[in-house]
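The next block holds one structure in the form of structure tokens; read it before the comments.
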Amino acid sequence: MKCSDNIKYLFSHNSVAVIGATPIPNKVSNVIMRNLIDGKYTGKVYPVNPKYEEVLGLKCYKSVLEIKDNVECAIVATPAEFVPKIVEQCGKKKIKGVIVISGGFGEVGNEELEEELKKVAEKYGIALLGPNCLGAFDPYTKIDSIFLPMYKLERPPPGEIAFVTQSGAVGSTIIDMAAHYKVGISKFISYGNAASLNECDYLKFLENDKETKTIILYVEGAKEGRRLFEIMKKVNKKKPIIALKAGKYGKAILAAKSHTGNLAGSYTAYKAAFRQAKVVEAETLEELFDFVRVFNQPLPNGNGVGIVTNGGGMGVLTSDALEINGLVVADFEKSTVEGLAKILPSYGSVNNPLDLIADASAEGYERALNLFITDKNIDILCVILLTQTPPIDERIIGVLTKIKASTSKPMIVIAVGGSYTDKYRRVLEGYGVPTYGYPDSAVKALKKLVEYAEFRRKM
Amino acid sequence: MPLEEFKLLEKYGFKLLPYGLAKSEAEAIAFAKKIGYPIVMKLISSQATHKTDIGGVKVGIKNEITLKLAYNEILENAKAHKIKEIDGILVQKMARKGLELIIGGKKDPQFGHMIILGFGGIYVEVFRDVTARLCPITRVDIREMVTELKSHPLIEGARGNKGINMTALEQMMLRTCKFMEKENVLELDLNPVVFDDSGCDLIDVRFTKVETGKLK
């Protein structure tokens, strides 16, 4: 069996051994044990460490070979020098997925040890994640090798976004942001040095992972660029990939003698690969988080946007952003105009953006959005919500989630403001309504959704 | 460019504007007669990479009298800039008036061969208006690349100018990809290629193969 066929065991719901487990607080393997126990891991946890009889109230084993039950996954957090031998034991124990947290391999010039580790994994057909990484987190099975305490790094709820990240630090901060905004995730894969399996293998796995609908890829340097391109091309046709390439502008290419050599560095090749595969490229970490959230929406049939707002200026800013980004402020159909005329106060005017003005309540939004849903010129519902106005209260949450459930058009919310507004953002996001703090970030995300939808329609 | 490389390029359908490297004024006149006026003349020296900046390029030469003047002026300019190693003066058929684009390519260690298209000519590294794709490419890729350039209105036609001949661009780019992949090219510049609505002129080609690593 190929190593990559066993990736699913890295997220085992059944059993996990923590090798190097310790009762000493704040040690990496202690935090991992705590996170598995406090996080309510769905399977059985087996601490392994010859030094202890018991760790956190669980019987501790001298080695994995001592465990009688079948074990599917192991998390290794020991000094690097012991890791190949430990993985060998895992192989003998028929453990199929091994997460190596430990650093001290290729990243510090210890390539030989990393090569040894790779060979052991391949000998036994083990899916090896790492080394030098945060490993895996799955909110469904609650497998969790992220060695950051839960009170410091909140875990996001189960959802549909998978993260594949070369950097643990970047990956974990996105996890934290996702948790803060109640954005659900399906799988978190921090692969570090990628000794055996790399982002290509994980993307291939996620292509058929039933929980995953959208994939985030954070990459610094790929090991198999061409293969990555081919796999992205294939996977992205089924599930949108949002990619962030870091390390874009390294040292100038001194050796380049041609104009082309001077104009096109290695990032040019990544950019070309993303564009050709129609992968959604985020330029910054902020964009990455903004873009991915909009992809839980249905794909729009076009680029016509209907805007409803309770503040005129914010509507104008949003219209500007739409124009700049090549999206269309839709013309309302006649039936919509007639319908809106009935619900607007006498001093309101029927235009897109539709300004319900500051005395609008949830009910006003509901009527307007129901007309937007049936309007053929409108492909996307854009709700600007100034929560600061007196009539806006929790009822708006109910209205917006009801609208979302009753239409196949994508809907986003723009809610600009401070801490009170932020509460609404978090709640709406928790209900699967992408909610943005600025018109510009919302519209940029929408543009990516529209472009991806166009690509899928042309397929 | 040595004859050998030129023959290789011809095999793939690249046609450079007729040219000759003159070592004397008399030779320059002979080339010009063979090629036919108008012509351009360029200083060829390893010491002069930016020929235009030092007055090493003369364009629109219509007859023998101006040729002689230009020939000597180029040599004087070279002397004024302390350029001693002169390979000769390039005499080349004057290109059509049109839009100067760069088509280039390189082999990336991770992704393999890629092709670039950009706003070309002497300002190529000033504007850095380029876009890239991995080889092989399709006509759809080429259309997308064009729209990604900031200068794309010029390609498609603006202010009374007709757009460029898209078929010529497509052929040139598809040919370039094929050439790079088949000959395992490390780096390549077609710069500039001058396009108008009826076709294009290829003025200069430089490339290195992976095995030699030297730019020809």
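Values in this text are rule-based calculations from the coordinates and carry no lab data. In this text, all values refer to a predicted model and were calculated from it rather than measured experimentally. Every residue, glycine as well, gets a Cβ built from its backbone with ideal geometry; the counts of neighbours run over all protein chains shown.
Structure values in brief
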item	result
In order through segment A:201-209: 3J(HN,Hα) via Karplus (6.51 cos²θ - 1.76 cosθ + 1.60), integer Hz, x for Gly, Pro	5, 6, 4, 4, 5, 5, 3, 10, 7
Share, in percent, of DSSP beta bridges within the protein assembly as shown that are antiparallel, nearest 5	50 percent
For segment A:310-342 and segment A:55-130, distance of Cα centres in Å	58 Å
Chain A: angle of helix A:312-324 to the longest principal axis, Cα-based, in degrees nearest 10	60 degrees
Cysteines in chain B lacking a second Cys C-beta under 4.7 Å	B:200
log₁₀ of I(q)/I(0) at q = 0.13, 0.18, 0.23, 0.24 Å⁻¹ - segment B:18-93, Debye sum with one point per alpha carbon	-0.31, -0.60, -0.97, -1.05
Mean separation of Cα contacts under 8 Å (6+ apart) over length of chain B, as relative contact order %	21 percent
Calculated FRET value between residue A:223 and residue A:107, using beta carbons and R₀ = 22 Å, to 0.05	0.95
Segment A:1-158, relative contact order in percent, only Cα pairs under 8 angstrom and at least six apart counted	28 percent
Aspartates and glutamates with Cα under 15 Å of residue B:107, excluding same-chain neighbours fewer than 8 positions away	A:224, B:181, B:183, B:187, B:189, B:211
Hits among aspartates and glutamates - C-alpha to C-alpha of residue A:51 under 16 Å, sequence gap 8 or more where chains match	A:66
Crossing angle, helix B:25-35 versus chain B [Cα axis fit, 0-90 degrees, rounded to tens]	50 degrees
Diffusion constant of chain B at 10 °C, which comes from Stokes-Einstein with the Kirkwood Cα-pair radius and 1.306 mPa s, µm²/s	87 µm²/s
Amide H within-cut-off set for residue A:162, under 5 Å, with H built and near neighbours excluded	A:186, A:187, A:213, A:214, A:215, A:216
Unsatisfied cross-links (Cα-Cα over 21 Å) in the set A:245/B:209; A:238/A:278; A:119/A:234; B:42/B:84; B:15/B:79; A:2/A:271	A:245/B:209; A:119/A:234; B:15/B:79; A:2/A:271
Mean separation of Cα contacts under 8 Å, 6 or more apart, over the residue count of chain A: relative contact order %	11 percent
Amide H within-cut-off set for residue B:88, under 5 Å, with H built and near neighbours excluded	B:44
Cα centroid separation - segment B:108-126 against segment A:183-237, whole Å	28 Å
Stokes-Einstein D in µm²/s, Kirkwood radius over Cα pairs - segment A:333-424 at 20 °C with 1.002 mPa s viscosity	156 µm²/s
Long pairs among A:409/A:448; A:402/A:447; A:8/A:223; A:152/A:210, criterion Cα-Cα beyond 20 Å	A:402/A:447; A:8/A:223; A:152/A:210
Long pairs among B:33/B:58; A:94/A:118; A:118/A:237; B:7/B:51; B:11/B:51; A:118/A:213, criterion Cα-Cα beyond 20 Å	A:118/A:237; B:7/B:51; B:11/B:51; A:118/A:213
CD proxy at 222 nm, helix term only [per DSSP H run n ≥ 4: -39500 (n - 2.57); per residue of the protein assembly as shown; nearest 500]	-11000 deg cm²/dmol
Per-residue Cβ neighbour rank within 10 angstrom, fewest leading, A:446, A:344	A:344, A:446
Among beta bridges that DSSP assigns inside segment A:50-128, antiparallel share in %, nearest 5	25 percent
Segment A:3-294 - share of DSSP beta bridges that are antiparallel (%, nearest 5)	15 percent
